[in-house]
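Student: Before I ask anything, here is the structure I am working with.
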Amino acid sequence: MTFDSFLLERQRLTINKIVSACVKSFEPDIEAHGAVLDSKGDLIDVVGPNPIHYTCIEATVKATKLYLVPKIGETLITNDPYSGNTRLCDLVLIQGVFGRQQANELRYYVALQLSIPQLLNKDAGSLSVSVEEEGYRIPPTPLEQNGAINPELLNYLCQSKINYDDLSRLLEKARQTLKTCAQEFLALETKMGRDTFVQGVDQLNKYSEKMMRQALREIPDGEYESSETVENDGLGNRNLRIQCKLLVQGENTLISFLGTSKQTKGPFNCNYTITLGACFWLFRSLLKREIPVNAGAFKSFSIEAPDGTLVNAKYPGALLGGYYETSTRIIDSLRFVLNKALPVDFPTQGGGSSINIFKFNDVIFEDRLGTGSGATKNYAGSSAIFNELQNWPALLIEEIENRFPLQVLHSAPRLDSGGEGRCLGGNGLSRAYKFLAEGTVTLLTDRRQNKPRGSFGGGAGMAQEVTLISQSQGKKTITEKAVIQIHPGDSIIINTAGGGGWGKKAEPEP
């Protein structure tokens, strides 16, 4: 049957508006992602700033319903990365949406994911060797007890030193927000008529899958291979390999990670859904327009990620650095493969992420700095931006200085750090902090030996550099992932990586 395109677009926009309202109620204080899913746990729509979470919310709901199905009025909560989630500081709350005529019929799910860095435990600022050291893991479990938030659950999470009352208010707000979302979603279904609404959801899934497949058909049939390296895990294991092969044959697209290193001792492993999210994000960038992000979009390609490897770790592998750094190396490997397959207008490698964790007693600050993006055939790379999965707004310098015992000494583009070429790679960022209190800095960043590669004769971007200026030990370059004890008066300079250049630099005219 044909489906009215105007009605379909109105349905899509209305669903997106309902989910967006959930997310916006938490901004800018909390990074939030919201989603609605069908009774099988297949994604209908998702909203949020970080695309790596899109696949994780669907995976978390599907894993949760294997353990528990929410009752009417009940909220389930989990943060378990080995049940589809991302990090232990990302709480996922799930409610069921039940039919009005058949009150016991679970028709949909609504879900919120809230990122709360304060949920990292006291050892999360170290180089953890297991997920249990990164925080307090909650398997899928009911949030409520006797109609109120379970105080035992709150006490358990507050071992991380997050304020009990603040967390209680946040979870209560999330519970009520999900309830409102469920009511509005069900009201939309009632207004449109159930059959029309369900057919519309099915058509939106088919549309997203069709558009993704059309984008992937631009890749010529063949096998394309590349590799990337996570430089070290901070615990003595070096040159951790990500082997990536892209196999394209007609409608079938497979990304194979056979040959990738075994999962490592340090916290630089990825679970499967992070790997899926990274690949989906890059493939989606092939599209020339936006599409609904739903279960259909994920069906357009397949991934082969062997168990127990860096890209599909088994419990209890530590994951925090994998979420930040290994995920961007996955993107780098696939980006280089796509540059071989599509040498038209696809970006070269960017500087990746630059994430470090500052910890002052019970206060945690995730330092998120922009890097240089890769150039394309026709455009220079952008400078000092978040050009990979961690797509969030940067904190204002005034806000950093007001909230944390830090003084920002300078913050500016790192000139001439992008790779040379016909089109230049984007510049990284140079920022220096002076510390006003005792604390630690965990340097999780990669790209300190391996430079972002250029393409078609373009030069590599400059590697990241980290310099510590200690009042007791003087100036020192930090070349490894490490945990550094900081004293008042010390400072640290972080120069992030530049992006790779595209094409050979033109020879000067005589």
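Student: Mind checking the full-extension length gain between D195 and Y315? Use 0.36 nm per residue of separation minus the Cα-Cα distance, one decimal, nm.
Tutor: On the way: separation 120, 0.36 × 120 = 43.20 nm, distance 4.20 nm.
Net length gain for the segment: 39.0 nm.
Student: Calculate, in nm to one decimal, what T479 and R217 gain on full extension: separation in residues at 0.36 nm each, minus their alpha carbon distance.
Tutor: Additional length available on full extension: 90.1 nm.
Student: With +1 on the Cβ of every Lys and Arg and -1 on the Cβ of every Asp and Glu, and nothing else charged, how large is the dipole of the range 205-353 about its Cα centre, in debye rounded to the nearest 20? Before the final figure, lay out the partial values.
Tutor: On the way: 17 positive and 15 negative charges, 50 e Å.
With only Lys, Arg, Asp and Glu charged at Cβ, the dipole is about 240 debye.
Student: Moving to a separate point now. Take the cross-link list K451/K504; K245/K265; K210/K288; K62/K288; K288/K377; K206/K314 and give me the ones stretching past 22 Å between alpha-carbons. Numbers along the way, then the final one.
Tutor: Numbers: K451/K504 17 Å; K245/K265 25 Å; K210/K288 14 Å; K62/K288 30 Å; K288/K377 16 Å; K206/K314 33 Å.
Going by Cα-Cα distance, K245/K265; K62/K288; K206/K314 fall outside the 22 Å limit.
Student: Related question: Between E9 and K179, take the C-beta separation as r, use R0 = 30 Å, and let me know the FRET efficiency to the nearest 0.05.
Tutor: Working: r = 28 Å, r/R0 = 0.92.
For E9 and K179, the calculated efficiency is 0.60.
Student: Given the Cα-Cα distance of E401 and E290 and 0.36 nm per residue of separation, how much length would full extension add, in nm? Each step should come with its number before you reach the end.
Tutor: Numbers: separation 111, 0.36 × 111 = 39.96 nm, distance 3.71 nm.
36.3 nm is the gain from fully extending E401 to E290.
Student: Looking at L247, L43, V61, which one has the Cα that reaches farthest to the positive end of the dipole of the chain (charges on Cβ: Lys, Arg +1; Asp, Glu -1)?
Tutor: So the residue furthest toward the plus end is L247.
Student: Here is a follow-up. Let me spell out the model: positive unit charges on the Cβ of Lys and Arg, negative unit charges on the Cβ of Asp and Glu, origin at the Cα centre of the range 38-184. What dipole size does that give, in debye rounded to 20?
Tutor: That gives the range 38-184 a dipole magnitude of about 260 debye.
Student: Show the residues, 5+ positions off or on another chain, whose built amide H is closer than 5 Å to the amide H of K481.
Tutor: Hits under the 5 Å cutoff: G234.
Student: I've got another one for you. Separation between the Y67 and Q471 pseudo-spin-labels, each 7 Å from Cα along Cα→Cβ, expressed in nm?
Tutor: Reported label-point gap for Y67 and Q471 is 4.7 nm.
Student: Return the carbon/sulfur percentage of the accessible area of the range 1-120, one whole number, probe 1.4 Å, all protein chains in place. List each step's numbers first, then the result.
Tutor: Working: 2360 of 4570 Å².
On the range 1-120, the fraction of accessible area on carbon and sulfur atoms equals 52 percent.
Student: To continue, here is another question. Based on the alpha-carbon gyration tensor of the range 347-510 and its eigenvalue square roots a ≥ b ≥ c, which shape applies: rounded if a/c is under 1.5, prolate if not and a/b is larger than b/c, or oblate?
Tutor: Values: a/c = 2.51, a/b = 2.08, b/c = 1.21.
Note, shape of the range 347-510 comes out prolate.
Student: How much of the calculated P(r) for the chain lies past 38 Å, in percent of all Cα pairs? Intermediate values should be presented prior to the final figure.
Tutor: On the way: 35009 of 129795 pairs.
Above the 38 Å cut-off, the chain has 27 percent of its Cα pairs.
Student: How many nm separate the modelled label positions at N155 and K434, each set 7 Å beyond the Cα in the direction of the Cβ?
Tutor: Between N155 and K434, the simple spin-label model gives 4.6 nm.
Student: Just to verify a number: FRET efficiency for S39 and E225, C-beta to C-beta distance, R0 = 45 Å, to 0.05?
Tutor: Calculated value: 0.65.
Student: Each label point is 7 Å from the Cα along the Cα-to-Cβ direction; what then is the distance between the points at L415 and R169, in nm?
Tutor: 4.7 nm
The values are calculated or read from the model by the stated rules, or taken from the named source; none is laboratory data. Given the structure is predicted, the values throughout are model-derived calculations rather than measurements. Using ideal geometry, Cβ is built from the backbone for each residue, glycine included, and neighbour counts are taken over all protein chains shown. Surface accessibility is based on the protein's heavy atoms, side chains included, excluding ligands, DNA and RNA. Shrake-Rupley method; radii C 1.70, N 1.55, O 1.52, S 1.80 Å.
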